[in-house]
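One structure is given below, encoded as structure tokens.
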Amino acid sequence: MGLIMLAFGMGTQDGAFAALFQLVSHTLAKGLLFLAVGYMIYRAGSKRISAFAGLGRKMPLTGALIGIAVLSLVGVPPFAGFMSKLAVIKAGLELHSPTYTGIIVLVLVATVIEVGYFLRLLQVMYFGEANDGAVAELPLSAMIPITVLAALIIAIGVYPQMITGVLHQAAAGLVERADYIKLVLGAG
């Protein structure tokens, strides 16, 4: 959420666009992550990360979907999170401000730290010693929503133009007061 505020704080149309793009990609990835991990917590019977040991192998589709969410959140291509983080970085660098350049460097350092704790989750899920109990993959009713979220993350990452037009229009409306006034008052 900090990246979204950072981008909005730039006060430019590119910053507003980047913030909206990050908002969409972050919402999709976090929604997917919370749902999929919630299902794993339900299956494991515990919120402790150690209870997830081996669940990536026992629940391969759910594990793969968690992997997609994680990779998008840290900004790995071809996922939506990469494109939105790139938009934030580009908007910040286009300001030619030492302050924003420094903040962008901090964002990149924070991303490396973020990779570390997400890798821990994936390491436990895939390489941890699995419990002997049988754990089934999720039912179709649970798989559909998380699979749709994952498909959107991939689709937006591969073909961002599917949403960038709308986001550019929304960003212009947020930054350009005249456009906003026309929209609200119905003039023009």
Note to self: Looking at Ala29, Ala16, Ala69, can you tell me which residue is in a helix (DSSP H, G or I), under 20 Å from Ser141 (Cβ atoms), in contact (Cβ under 8 Å) with a residue 60 or more places away in the chain and touching a Leu at 6+ places or on another chain (Cβ under 6 Å)?
What the structure shows: Ala69
Next item on the list: Pull up region 19-33, narrow it to residues that are crowded, with 23+ Cβ neighbours inside 10 Å and not aliphatic (A, V, I, L, M), then point me to the one that is nearest to Ile4 (Cα to Cα).
Entry: Gln22
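Each row is one residue, and each column tells you yes or no for (1) closer than 20 Å to Thr27 by Cα; (2) within 14 Å of the chain's Cα centre (by Cα); (3) of a type in the set (S, T, N, Q); (4) at pLDDT below 95.
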site	(1), (2), (3), (4)
Ala110	yes, no, no, yes
Gly116	no, no, no, yes
Met125	no, no, no, yes
Asp132	no, no, no, yes
Glu137	no, no, no, yes
Ile146	yes, yes, no, no
Ala151	yes, yes, no, no
Ile156	yes, yes, no, no
Ala170	yes, no, no, yes
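So that you can scan it fast, the table gives a plain yes or no per residue for (1) closer than 30 Å to Glu129 by Cβ; (2) touching a Cys at 6+ places or on another chain (Cβ under 9 Å); (3) surrounded by 24 or more Cβ atoms within 10 Å (Cβ to Cβ):
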{"residue": "Arg57", "(1), (2), (3)": "yes, no, no"}
{"residue": "Ala69", "(1), (2), (3)": "yes, no, yes"}
{"residue": "Pro78", "(1), (2), (3)": "no, no, no"}
{"residue": "Leu86", "(1), (2), (3)": "no, no, no"}
{"residue": "Ser97", "(1), (2), (3)": "no, no, no"}
Item checked: Tally of residues being assigned to a loop (DSSP other than H, G, I, E, B) and surrounded by 16 or more Cβ atoms within 10 Å (Cβ to Cβ) across region 132-170 -> 3
Notebook entry, point to check: Which of the residues that make up region 135-154 are touching a residue at least 12 places away in the same chain (Cβ under 8 Å) and among the small types (Gly, Ala, Ser)?
Noted result: Ala136, Ala142, Ala150
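From the residues in region 34-50 that are free of Cβ contacts under 8 Å to residues at least 12 places away in the same chain and assigned to a helix (DSSP H, G or I), which one is surrounded by the most Cβ atoms within 10 Å (Cβ to Cβ)?
Ile41
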Next item on the list: Could you check, for region 10-18, whether at least one of its residues is closer than 19 Å to Leu167 by Cα, at pLDDT 95 or above, in contact with a helix residue (DSSP H, G or I) (Cβ under 6 Å, 6 or more places away or on another chain) and surrounded by fewer than 17 Cβ atoms within 10 Å (Cβ to Cβ)?
Entry: yes
Notebook entry, point to check: Any residue at all in region 129-145 that is under 19 Å from Gly38 (Cβ atoms) and β-branched (Val, Ile, Thr)?
Noted result: yes
Next item on the list: State which residue is nearest to the chain's Cα centre (by Cα) when the search covers only region 76-91 and only residues that are in a loop (DSSP other than H, G, I, E, B) and of a type in the set (A, V, I, L, M, F, W, C).
Entry: Phe79
Item checked: Inter-residue pairs, beta-carbon under 6 Å, first on the phi < 0 side of the Ramachandran plot and in contact (Cβ under 8 Å) with a residue 60 or more places away in the chain and in region 106-128, second surrounded by 12 or more Cβ atoms within 10 Å (Cβ to Cβ) and of a type in the set (Phe, Trp, Tyr), 6+ apart -> Val124/Phe52; Met125/Phe52
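The values are calculated or read from the model by the stated rules, or taken from the named source; none is laboratory data. On a predicted model such as this, the values are computed, not experimentally measured, just so you know. Because the Cβ atoms are built from the backbone with ideal geometry, glycine has one as well, and the counts that use them run over all protein chains shown.
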